[in-house]
């Protein structure tokens, strides 16, 4: 029983951040020492980050997981039979597929992430890859758009606009050149789904973009990825090169008459470039300044041409919709939020990670049951959903179901699906201040409410924190937030009021502060 | 001639080299950011002398090029220290106490966020989200991601980088 053993060690950036490369090195060293033939596969992460680095050994009965593994653990793991998938070691988690946290998920978009070798097109094919693209070629553009419309897929960047309608608009536009742009400028704190998918299943993104290209008649695609994601950029570039060599993309997509090529472009640290029109400006080589709408990017987008600009998760969900049908996808979810959402559980949580499930799960279930409560062991006090522009929810709102409309009804947003948990040591006045501070730092400067309002907001909150006329200053904050909400050009200035006002509304005790003694001048 | 003491930017300002880099990318649609990234990779910053060269190659004004360079947080006007530590201070890291962690580290180094130590060894910068939000607090040291930071672990990482 000394055949080749396949061992999976994630190359996901978060796994590397907690020692996956050192673990991989230790496994190779131990294999040489033991004279065992080990094939190391650097997969993506399964998304159970409290267990990273989580390694897996392939056995006749399926993959067996171990985690969290440190390089120092490899010696004892090997001694207790790691290379044979022995399950006696204290770090053994049992068969990967039986881990309850994974088993209870509905992985449609992330079905392959963490399973396959992200650099292997054969592996991708063996796990159902390219079925969606093949079907798209078979049924043609109009039917592809009909499937996406039927699926009920809405923009996963946060705006929740129906993807099928966006595609139809671009398909109907007449132009010599059209573009597909993937928004991978995932700047929201608490989100990492785009990064995980690019690192763990990049062919899925390529397939989704090629399908979009066929649907609307676009022959070129750009992935605009933030510079903070070097591993994701490298993995995607590698996959694009493989896909091009294999004829998956290029002059003839899978041998069809459709041409489609794509490349990755790298941002430069501007949060506002996650806003679609600022992103297009940046892609064109300009300052990332927000454009007024109309014209819509669907009519005049990149370089003035009709452009589909979709969030990465929207595009990466298209292959499964095409492969299994729009109706299959639509049958998950609640209300007008159809399908699944890769929810990212982050911050002060015992079990943080990527949890893909149908819309409708409550915030409380996500935080208390799936997330297991705080990592610090202290009570949960506030949960920010939807990134730095999302509202802070108190425990009293934990019955809110994960659904675009339900969150909006409670002055919150689903956003890109990030959930950041804070324990009772959080000072909500400081969080409100940070929301303004971040907006000031990242404002593109085009519109006044965002550019000036954010700076004034920091100043007024500082007065509240110092206990200076808190009542009248809080009235001023509310007034300022109204102006920003209704007067800003894009969501940066327009949504900064969500974290600020939710903090004030749900945690008023943090804003009722004694006056600080005046400093001697 | 600007002298550059950054090993990431081991190359001194070299007009010919800059011209080559610009020419390599100038044909791309929307070439400005790819050119700026490539120049910074080479020189450790976007040298002032490169701006009129980019302007000429892309048929832009110098003001437009300057406007683009200054808009983006990533582009430096001068090279950083020998090593660069980027500390994430976005919400997920805040929820795991990054504020205190950063204060302690900066106190020990005797610098403020955004500054370089007097010996030029280390630049510490704030960054807003690395997408490592379930293994917070996180940072990048010379481009290498590190997570689950404690004061001791961060100290060790900084020391190791400086000694390397």
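The values are calculated or read from the model by the stated rules, or taken from the named source; none is laboratory data. All values derive from a computational prediction rather than experimental measurement. Virtual Cβ from ideal backbone geometry, glycine too; neighbours counted across all protein chains shown.
Checked against (1) closer than 18 Å to residue A:315 by Cβ; (2) surrounded by fewer than 21 Cβ atoms within 10 Å (Cβ to Cβ); (3) outside the structural domain of residue A:169 (by TED's automatic domain parsing), residue A:113 meets all criteria but (2). Could you tell me which residue of segment A:263-306 is surrounded by the most Cβ atoms within 10 Å (Cβ to Cβ), considering only residues that are within 9 Å of another protein chain (Cβ to nearest Cβ) and assigned to a helix (DSSP H, G or I)? My answer is A:273.
Restricting segment A:448-473 to residues that are in a helix (DSSP H, G or I) and over 34 Å from the mean Cα position of the chain (by Cα), the residue that is surrounded by the most Cβ atoms within 10 Å (Cβ to Cβ) is A:464. Of the residues making up segment A:196-222, those that are touching a strand residue (DSSP E or B) at 6+ places or on another chain (Cβ under 6 Å) and either at pLDDT below 95 or in a loop (DSSP other than H, G, I, E, B) (or both) number 2. Every condition in (1) in a helix (DSSP H, G or I); (2) in contact with a helix residue (DSSP H, G or I) (Cβ under 9 Å, 6 or more places away or on another chain); (3) surrounded by fewer than 17 Cβ atoms within 10 Å (Cβ to Cβ) is met by residue A:128 except one, and the failing one is (1).
Report every pair of residues separated by at least 6 positions or lying on different chains whose Cβ atoms are under 6 Å apart, first residue within segment B:33-51 and closer than 9 Å to residue B:69 by Cβ, second assigned to a loop (DSSP other than H, G, I, E, B). From segment B:33-51, the pairs are B:36/B:46; B:36/B:75; B:46/B:75.
Scanning segment B:117-164 for residues that are in a strand (DSSP E or B), more than 8 Å from chain A (Cβ to nearest Cβ) and touching a helix residue (DSSP H, G or I) at 6+ places or on another chain (Cβ under 6 Å) turns up just one, B:141. Taken as a whole, the structure leaves residue A:412 outside the set of residues that are within 13 Å of chain B (Cβ to nearest Cβ), within 24 Å of the chain's Cα centre (by Cα) and farther than 30 Å from residue B:114 by Cβ. Between A:71, A:65, the distinction of being surrounded by fewer than 19 Cβ atoms within 10 Å (Cβ to Cβ), away from chain B (no Cβ under 14 Å) and under 30 Å from residue B:143 (Cβ atoms) belongs to A:71 only. Take segment A:318-331 and flag every residue that is touching a strand residue (DSSP E or B) at 6+ places or on another chain (Cβ under 8 Å) and surrounded by 24 or more Cβ atoms within 10 Å (Cβ to Cβ). The answer is A:329, and nothing else. From the residues in segment A:10-43 that are surrounded by 23 or more Cβ atoms within 10 Å (Cβ to Cβ), within 11 Å of chain B (Cβ to nearest Cβ) and assigned to a helix (DSSP H, G or I), which one is farthest from the chain's Cα centre (by Cα)? Top of the filtered list is A:20. Scanning segment A:49-77 for residues that are over 26 Å from residue B:146 (Cα atoms), touching a residue at least 24 places away in the same chain (Cβ under 8 Å) and over 28 Å from the mean Cα position of the chain (by Cα) turns up A:58, A:59, A:61, A:62. Is it fair to say residue B:30 is closer than 30 Å to residue A:422 by Cβ and at the interface with chain A (Cβ under 10 Å from one of its Cβ atoms)? Considered against the rule, which asks whether it is closer than 30 Å to residue A:422 by Cβ and at the interface with chain A (Cβ under 10 Å from one of its Cβ atoms), residue B:30 comes out as no.
Being farther than 16 Å from residue A:493 by Cβ, touching a residue at least 60 places away in the same chain (Cβ under 8 Å) and surrounded by fewer than 21 Cβ atoms within 10 Å (Cβ to Cβ) is the filter here, so list the residues in segment A:430-447 that pass it. Scanning segment A:430-447 gives no hits. Quick one: is residue A:483 within 18 Å of residue A:391 (Cα to Cα) and more than 12 Å from every other protein chain (Cβ to nearest Cβ)? Here the answer is yes, as residue A:483 does meet what is asked. Does segment A:319-341 contain any residue that is within 14 Å of chain B (Cβ to nearest Cβ) and in a strand (DSSP E or B)? No - not one qualifying residue is present in segment A:319-341. Residue A:234 meets the conditions (1) without any contact (Cβ under 8 Å) to a residue 24 or more places away in the chain; (2) within 14 Å of chain B (Cβ to nearest Cβ); (3) in contact with a strand residue (DSSP E or B) (Cβ under 7 Å, 6 or more places away or on another chain) in every case but one. The failed one is (3).
For residue B:87, are the conditions met, namely being in contact with a strand residue (DSSP E or B) (Cβ under 7 Å, 6 or more places away or on another chain), away from chain A (no Cβ under 12 Å) and either without any contact (Cβ under 8 Å) to a residue 12 or more places away in the chain or surrounded by 22 or more Cβ atoms within 10 Å (Cβ to Cβ) (or both)? Taking the combined requirement at face value, the residue satisfies it.
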